[in-house]
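The values are calculated or read from the model by the stated rules, or taken from the named source; none is laboratory data. Note that the structure is a prediction, hence the values are computed from the model and not measured. Positions of Cβ are backbone-derived with ideal geometry, glycine not excepted, and every protein chain shown enters the neighbour counts.
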Amino acid sequence: MEFKGLRDDVYRRPLATALDRLGLDEAWRCVDVGAGGGDVAVALAEVVGRQGRIYAVDSDPGSRDVTAEAASTYSQVIALTQAGEDLVLPEQVDLAFCRFLLMHVIDPLVVLARMATVVRPGGWIVAQEPVTSAGRIDGQPFSMPVARHPDIGALLPGLIRQVGLDIVDAWAEAPAGAGPGVVADYVHFLTEVDPGDDAIVLPPLVTVIARVPAGN
Ligand SMILES: C[S@@+](CC[C@H](N)C(=O)[O-])C[C@H]1O[C@@H](n2cnc3c(N)ncnc32)[C@H](O)[C@@H]1O
């Protein structure tokens, strides 16, 4: 079972909410850090159009090829292999975005601070990270032992302030369901166990929309 592409992604609604509240528009220049399979990069590319530019950055060299394939019809997407800790771009961008990234890095503050360095003064940072243990399957908390910071979403607004960014908006959103459907399929994919008719609340994704101070 595979979840490639935004359409099949159960977290597409939190992403759509974030892009809508942010006011992402044509011709924006953006970076998606920890781009993975390129779902977010493609979603950003659809909004910014050919006048915009999306740098899809990931530390895993395999991601560059996967993203390049996912975004093959979007010439505005440029896939790069870089660690978020070492992020360098050929230009300043309007938006630096990350989703399900900070939960995996050694020091999330280092990556957030680095993201801020590539954004123009007055530009935007959007981070979407989970509170894994707040998710439930049949009433029992989710766990994700492979992640370094599985509950980092709960700390995200504080981290954003610690790196000197101004919070514009912040909220949490979680897909839920029971029985056959994409939410159950997603849990099956994550846990390799079919949840049957169990009630599921996926880990809420905390989104923070922040601005780099003008004149930074
Ligand atoms: C769970 S995936 C999320 C992919 C994508 N952002 C999404 O929401 O679908 C995490 C991605 O972050 C990448 N990653 C992990 N540590 C990283 C780092 N320090 N710098 C850049 N990318 C990193 C991994 O290679 C992986 O592709």
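Observations
- Flag for Leu89 being within 15 Å of the ligand (Cβ to nearest atom) and either surrounded by 16 or more Cβ atoms within 10 Å (Cβ to Cβ) or of a type in the set (Lys, Arg) (or both): yes
- Among residues of the range 174-189 being touching a residue at least 40 places away in the same chain (Cβ under 8 Å) and buried (at least 17 other Cβ atoms within 10 Å of the Cβ), the one that is farthest from Ala127 (Cα to Cα) is Asp185.
- Residue identified as modelled with pLDDT under 95, among the aliphatic types (A, V, I, L, M) and within 12 Å of the chain's Cα centre (by Cα) among Ala16, Ala41, Ala56, Ala70: Ala16
- Considering the range 99-110, the residues that are out of contact with any helix residue (DSSP H, G or I) (no Cβ under 7 Å at 6 or more places or on another chain) and either modelled with pLDDT under 95 or within 9 Å of the ligand (Cβ to nearest atom) (or both) include one that is nearest to Arg12 (Cα to Cα), namely Phe100.
- Residue check: Val66 meets all listed conditions (1) closer than 22 Å to Thr117 by Cβ; (2) of a type outside the set (Phe, Trp, Tyr); (3) within 10 Å of the ligand (Cβ to nearest atom) but one, namely (1).
- All told, Val33 meets the bar of being aliphatic (A, V, I, L, M), at pLDDT 95 or above, within 12 Å of the ligand (Cβ to nearest atom) and within 30 Å of Ser143 (Cα to Cα).
- Every condition in (1) out of contact with any Asp or Glu (no Cβ under 9 Å at 6 or more places or on another chain); (2) surrounded by 21 or more Cβ atoms within 10 Å (Cβ to Cβ); (3) not basic (Lys, Arg) is met by Val212 except one, and the failing one is (1).
- Filtered residues of the range 107-126 (kept if surrounded by fewer than 19 Cβ atoms within 10 Å (Cβ to Cβ) and over 17 Å from the mean Cα position of the chain (by Cα)): Thr117, Arg120, Pro121, Gly122
- In the range 127-142, the qualifying residues are those that are farther than 15 Å from Val57 by Cβ and hydrophobic (A, V, I, L, M, F, W, C), and the one that is farthest from the ligand (Cβ to nearest atom) is Ile137.
- Within the range 158-182, tally of residues that are of a type in the set (Val, Ile, Thr), in a helix (DSSP H, G or I) and within 18 Å of the chain's Cα centre (by Cα): 1
- Within the range 52-63, if we keep just the residues that are buried (at least 24 other Cβ atoms within 10 Å of the Cβ) and under 18 Å from His104 (Cα atoms), the residue that is farthest from the ligand (Cβ to nearest atom) turns out to be Ala56.
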